[in-house]
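The values are calculated or read from the model by the stated rules, or taken from the named source; none is laboratory data. Worth saying up front: this structure is predicted, and the values here are computed from it rather than measured. Cβ: placed from backbone, ideal geometry, glycine included. Neighbour counts: every protein chain shown. Just so you know, the surface numbers come from the protein's heavy atoms only, side chains and all, with ligands and any DNA or RNA stripped out. Shrake-Rupley method; radii C 1.70, N 1.55, O 1.52, S 1.80 Å.
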Amino acid sequence: MTFGLRYANLEERIAIVEDLEAIDGTTFFVMDSFGTDNDFLGGELGFVWEWEYCRWKVDLLSRLAIGNTRQRVVINGSTSIEGAAPLEGGLLAQSTNIGSFESDKLSVLPELGITLGYQLTCNLSFTAGYSFMYWSNVVRPGNQIDLDVNPMLIPRDNAVPIVPAANDRPRLIFDETDFFAHGLNFGLEYRR
């Protein structure tokens, strides 16, 4: 039986960059950035079971962690027009959804694993294993992109800034999902 604390981090970024040229030859550089960061901290309880027969060995692992996930979403955008200073806002990241946002959620993080070992010599053994992990209530960058674009909010060098209405799009979605991870491991173990 095992117990303790578990920490996990999942950090991802998506950047969408467009280098455009208008009919009159003016160039535009548009950048939209969506980033997420998830930090889990919680208590963990687990079980490890080992079985040996002749040269073979099997290890089974099961763990369950329950705790808090601190979710962060960061959305940025900028538009650079030839000969002018960069403006805040891009195509998908506009004044209605740009910013840094946080939330805390109760999450579970179970893990299952199996490792098979074979004793090659008295001192050397080969191992191969598989593990599976699930993490509830995480934010991922692709889920935060609102595809409803407001052409009136796209930055222009000679336009008067438009103040968005409360219901203008694109808006912050803060969409949660679940995360699954699979792992394979292979190893050689030498004991004297």
Efficiency of FRET between Phe47 and Leu106 - r from beta-carbon atoms, R0 22 angstrom, step 0.05: 0.45
For Arg171, tell me the accessible area in Å² from a 1.4 Å probe, rounded to the nearest 10. 90
Two decimals, Cα atoms only, Kirkwood Rh: what is Rg/Rh over segment 7-93? 1.41
Projected label distance in nm at Phe174 and Ile66, using a 7 Å step from Cα toward the beta-carbon: 2.5
Considering only Asn38, Asn150, Asn137, give the residue with the highest GNM mean-square fluctuation for the chain, with springs between Cα atoms whenever their separation is below 10 Å. Asn150
Taking a temperature of 10 °C and a viscosity of 1.306 mPa s, what whole-number D in µm²/s does Stokes-Einstein yield for segment 44-105 with Rh from Kirkwood over alpha carbon pairs? 95
Given (1) 169; (2) 150; (3) 124 as possible values of volume of the Cα convex hull per residue in Å³, the one from the coordinates is (1)
Nearest-0.05 FRET efficiency for Lys57 and Tyr134 at R0 = 22 Å, using Cβ-Cβ distance, is 0.25
Which Cα, out of Gly129, Ala8, Leu106, lies furthest along the positive dipole direction of the chain (beta carbon charges, K/R +1, D/E -1)? Gly129
Considering only protein heavy atoms and a 1.4 Å probe, what is the carbon-and-sulfur percentage of the accessible area of the chain? 59
The chain, dipole about Cα centre (Lys/Arg Cβ +1, Asp/Glu Cβ -1), debye to the nearest 20: 1040
Rounded to the nearest 5, what is the percent of antiparallel bridges among the DSSP beta bridges in the chain? 100
Between Asp148 and Ile16, the two model label points (7 Å from Cα along the beta-carbon direction) sit apart by a distance in nm of 1.6
GNM on the chain, C-alpha springs below 10 Å: top fluctuator among Pro151, Pro141, Pro86? Pro151
